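The values are calculated or read from the model by the stated rules, or taken from the named source; none is laboratory data. Just so it is clear, the model here is predicted, and its values are computed rather than measured. We place every Cβ from the backbone using ideal geometry, glycine too, and count neighbours over all the protein chains shown. Areas reflect the complete protein model, heavy atoms only, side chains present, ligands, DNA and RNA absent. Shrake-Rupley method; radii C 1.70, N 1.55, O 1.52, S 1.80 Å.
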Amino acid sequence: KMTEISTQSTCKLIPKVELHAHLNGSIRLETLSELYTNKYPTKQLPLDPNEIPTLERCFELFGIIHDVVQDINLIKRITKEMIYDFDAENVIYLEIRSTPKSINISTKEEYVLQMLQAVQECKEEGLTIEVGIILSINRAYSSVIGWETLQLTKQFIDKGVVGIELSGNPTVNNFNDFAEIFQDAKSCGIPVTIHYAEVKNYEESNDILKFSPDRLGHGIFVVFIN
C-alpha cells in the first residue's frame, strides 16, 4: 500500500504532457451531478463511478453529458475546471478536444470562443499550464457539419486552436466520408489527428494510415494490410 501511494505521489510530481483529453470526458463528476440534478430533480444520475464502461456505455454517458450541458456559459466553466484539474496533476501542456455545438440560440463560433476565453482566464488567474484546443469532427454527424468545423478551425488556428480531429462512435460512418475535409486541412498546414483502430475495421484503419495524419489516437486493433 505504501508503495502504491509513493508511486502515485511520484507520478504527480513528474511534469506531464496530455495530448488526448476530451472536454466532455473530463467533466468533473460533481459538476455533472449538479447539472443532472438541476434538469432532473427527481432522478439520480445513472452513473457508477466504479464501473468499467464498454464502448457502447461510454457513448451513452456522452449522451447524458450533452443532454444536461444546455447553457453556452457552461462550456467555459467545464473547460476551466478541466484546466485546473490537469494543472493540479502537474500537466504542463494540455490539448483539449471538443466538437463545436450550437447550444440553444448560441452559435458554434461562440462555443469555441467560450473555450478560448476559459484558457485566457486561467492564464490571468496565474496558471502556468499551456493549453491548445483541437476541434473535433464527430463522425456520427454529416460531412456538411464536418466542413463547418474545418472553417472554424481555419478561423481560429494559431489563436488558441492547434488542430482538427476525427472522433466519435467508431461504429458509425467511415473515415472516407470525411477524407476530403482532412485533405483540405492538410493542404492548409493544419495538424490532423484521427481516432484510429478503436474497433476491428481493418480496411478503414488501413485507409487512415495511407492518409498519413499527423497523429493517431487509440490504435487498439492494429493490423497492417499490404
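List of remarks:
- Secondary-structure-derived ellipticity at 222 nm for the chain, considering helices only, amounts to -14500 deg cm²/dmol, per-run term -39500 (n - 2.57) for DSSP H runs with n ≥ 4.
- Non-local Lys pairs in region 141-220, i.e. 8 or more apart or on different chains, that have alpha carbons under 26 Å apart: 5
- Sorted largest first, extent of region 75-135 alpha carbons per principal axis (Å): 36, 19, 14
- Count of lysine pairs in region 1-128 with Cα separation under 15 Å (8 or more residues apart, or interchain): 4
- Only Cα pairs under 8 Å and 6+ residues apart enter the sum, and on that basis the relative contact order of region 18-166 stands at 25 percent.
- The modelled label-to-label distance between Lys159 and Trp147, using points 7 Å beyond Cα along the C-beta direction, is 2.2 nm.
- Over the chain: Rg over Rh, Cα atoms, Kirkwood Rh: 0.97
- Longest segment of the chain lacking GluC sites (Glu not before Pro) that sit in a DSSP loop with at most 12 other Cβ atoms within 10 Å: 126-226
- Solvent-accessible area per residue, Å², over the chain with all protein chains present [probe radius 1.4 Å]: 53 Å²
- For Thr54, solvent-accessible area (1.4 Å; no DNA, RNA or ligand), Å²: 80 Å²
- Loop-located trypsin sites (Lys or Arg not before Pro) in region 194-226 (DSSP state not H, G, I, E or B) with no more than 14 neighbouring Cβ atoms inside 10 Å: Lys200.
- Intensity falloff of region 1-88 expressed as log10 I(q)/I(0), Debye formula with alpha-carbon point scatterers, at q = 0.14, 0.21 Å⁻¹: -0.64, -1.12
- Cα lying deepest toward the dipole's positive end in region 75-160, options Asn104, Ser143, Gln114, charges on Cβ: Ser143
- In the chain, excluding the sites themselves, the longest stretch lacking any of the chymotrypsin sites (Phe, Trp or Tyr not before Pro) that are in a DSSP loop with at most 15 other Cβ atoms within 10 Å is 1-220.
- Cβ-derived FRET efficiency at R0 45 Å, Asp214 paired with Glu56, nearest 0.05: 0.95
- The label point for Asp48 and the one for Asn174, both projected 7 Å from the Cα toward the Cβ, are 3.8 nm apart.
- Percent carbon-and-sulfur accessible area, the chain, ignoring ligands, DNA and RNA, probe 1.4 Å: 53 percent
- Whether region 58-180 is rounded, prolate or oblate, judged on the alpha carbon gyration tensor where a/c under 1.5 counts as rounded: prolate
- Between Glu34 and Glu18, the simple label model (points 7 Å from Cα in the Cβ direction) yields a spacing of 1.8 nm.
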